[in-house]
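J.: Have a look at this one before I ask anything.
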Amino acid sequence: MRRVTAFVCMALAVSVASADEPATWYTIVADSGATLGHVSLQVESRVDGRDLIESQQIYLRESGGVANRTTTRTVVREEADGRVSSIESTARTGRFWSRTNATVDANRVDVVRETPTGSGRESVVLPADVRFDDGEALLQSWTPASTPRLEFTNFDSDSMAVERIVIEPIGAADAQGRINAVRWRYEGQDLRGVSRIVLENGRLLEVAQPMFGETFRVRLTDRATAEARHPPYQVIPNMAQRAPFQISQEARRGHIRYRYAFLEGVTFPLPQTGEQRARTDGAFIALDICDTCGPGLPTDEAYLAAARRSTTWLQSDHPRLQAMAAAARGYDVSDARKMEVLLQRAIPYLEEADFNGHYSALDTLERRKGDCTEAAVLLAALGRAAGIPTRVASGVSYSRQSYHGVSNAFIPHSWVVAYVDGHWRSFDLALREFDSAHIALTIGDGDPRSIAAAGQLASLLRLDTMAEVRARPAG
């Protein structure tokens, strides 16, 4: 279960006060009335430029668990000519901390991520026209009447990745001159997020971001309101999506067909895994899910090579993960059986549930706790360490039993898809088995952005019908 920690401010454009003025404050609230936390944005001048500083605090708790505050501070350093030279971000949840340093050159960003378990490095290639301000300068002078569509590439300091952003107005400006608009975020051609924004004279007043049935609003306010004490936000009960009827165990082991309606006038493709086939029909999309329903992910060598690569979240080349995968790697058995062996090998490292934060495979080994996202990144990394191509699927899965006070509902979930024995197959470490009540919305590499995107896309879909598909009796 990916938490809301990284969700709520991914859509917040940097809209700060002038240099050396007091910070601009935002509060983060759900439409249910609950408060999640706050954000502050500030500019500090330097002799040779300026620093753009964003500080965020989120306060969460699960049923029966300990409340946790997650604090994040990001500093974007600009030189005198406006060029971004570095980005530094530190985050802390309870006793766990992480630090990310990014050095920006003309055509790439070199990223180093550190945690108590060690560090990882990667380089991100930059397109020539990339921005680092989330379009702040464009928004300040934007007039929808003359430019009805803003489109640009942006380097996102949260995910340390390049994205394509499209902003379009919703109707005309109101009597106060406020502009309502929708902002789309893409990774390549894949939709990774949608939010509504409110602008006044180029200044961002509010971001409304749907997430698994809730809508979170990042709203302009004053410091006293932003920092006011509030109870921790209860994640799972607020994000579960009720099923129209109970799904039997027999049906989950068979073939289920789901029909979803697209909301907000947005249509988008969904993943075609080895078990999931997706077909779009106008304002609806049909999903057939069974052991052999889907055509599978791509199988060209470039895609498979990328699915074997070590990343900052799936550190499959680390000696510790290599050692855990060594036995399976050497077995004279099928790759599917190797994934099952690795799944059993990983179980002891996730015996304690923890729903706060998001951690890499190596961090999960050290902490020995987590939820389904940690289970997915750990198993995906072990698969890659054994030479098996893996990806992380994120979406929803069905829970008939009570789970954190919610039953008969679809709940945020992540699992692994692995290329074994000539085809893509799903493996679920958290639930121990995959069934036809798993619906994949995004495919990624265990990174927070692709996991968060599943929550965004879930909010743009409404379950219309679902039915068990049974084969006709012979004769």
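J.: Based on what the data block shows, is Arg77 part of a strand (DSSP E or B), closer than 21 Å to Glu136 by Cβ, touching an Asp or Glu at 6+ places or on another chain (Cβ under 6 Å) and open to solvent by 70 Å² or more (accessible area, probe 1.4 Å)?
T.: The answer is yes for Arg77.
J.: To continue, here is another question. In contact with a Ser or Thr (Cβ under 9 Å, 6 or more places away or on another chain) and not aromatic (Phe, Trp, Tyr): which single residue out of Ile165, Ile170 fits that description?
T.: Of the residues listed, the single one that is in contact with a Ser or Thr (Cβ under 9 Å, 6 or more places away or on another chain) and not aromatic (Phe, Trp, Tyr) is Ile165.
J.: Could you pull out the residue among Glu136, Glu122 that is open to solvent by 20 Å² or more (accessible area, probe 1.4 Å), among the acidic types (Asp, Glu) and over 17 Å from Leu204 (Cα atoms)?
T.: Glu122
J.: Can you find a residue in segment 109-122 that is free of Cβ contacts under 8 Å to residues at least 60 places away in the same chain and outside any strand (DSSP E or B)?
T.: no
J.: Quick test for you: out of Leu365, Leu343, pick the one residue that is farther than 15 Å from Thr390 by Cβ, touching a Phe, Trp or Tyr at 6+ places or on another chain (Cβ under 7 Å) and assigned to a helix (DSSP H, G or I).
T.: Leu365
J.: May I pose another question? Step by step: first the residues of segment 177-201, then only those that are in contact (Cβ under 8 Å) with a residue 40 or more places away in the chain and basic (Lys, Arg), then the one that is farthest from Ser450 (Cα to Cα). Which residue is that?
T.: In this case the residue turns out to be Arg183.
J.: Let me ask you something else. Considering (1) touching a helix residue (DSSP H, G or I) at 6+ places or on another chain (Cβ under 9 Å); (2) farther than 30 Å from Leu60 by Cβ; (3) in contact (Cβ under 8 Å) with a residue 12 or more places away in the chain, say which one Leu350 fails and leave the rest.
T.: That leaves (2) as the condition not met.
J.: Which ones in segment 180-195 are open to solvent by 30 Å² or more (accessible area, probe 1.4 Å), assigned to a strand (DSSP E or B) and within 19 Å of Asp158 (Cα to Cα)?
T.: Trp184, Tyr186, Glu187, Asp190
This table checks each residue for (1) open to solvent by 10 Å² or more (accessible area, probe 1.4 Å); (2) hydrophobic (A, V, I, L, M, F, W, C); (3) out of contact with any Cys (no Cβ under 7 Å at 6 or more places or on another chain); (4) at negative phi.
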| position | (1), (2), (3), (4) |
| --- | --- |
| Asp354 | yes, no, yes, yes |
| His358 | yes, no, yes, yes |
| Ala385 | no, yes, yes, yes |
| Ser394 | no, no, yes, yes |
| Arg400 | yes, no, yes, yes |
| Gly422 | yes, no, yes, no |
| Arg425 | yes, no, yes, yes |
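J.: Looking at segment 91-119, which of its residues are open to solvent by less than 40 Å² (accessible area, probe 1.4 Å), within 26 Å of Phe152 (Cβ to Cβ) and aliphatic (A, V, I, L, M)?
T.: Passing the criteria: Ala102, Val104, Val109, Val111.
The values are calculated or read from the model by the stated rules, or taken from the named source; none is laboratory data. Owing to the predicted nature of the structure, the values given are computational and were not obtained by experimental measurement. In this analysis, Cβ positions are derived from the backbone assuming ideal geometry, glycine residues included, and neighbour counts consider all displayed protein chains. For accessibility, only protein heavy atoms count, side chains too; no ligands or nucleic acids. Shrake-Rupley method; radii C 1.70, N 1.55, O 1.52, S 1.80 Å.
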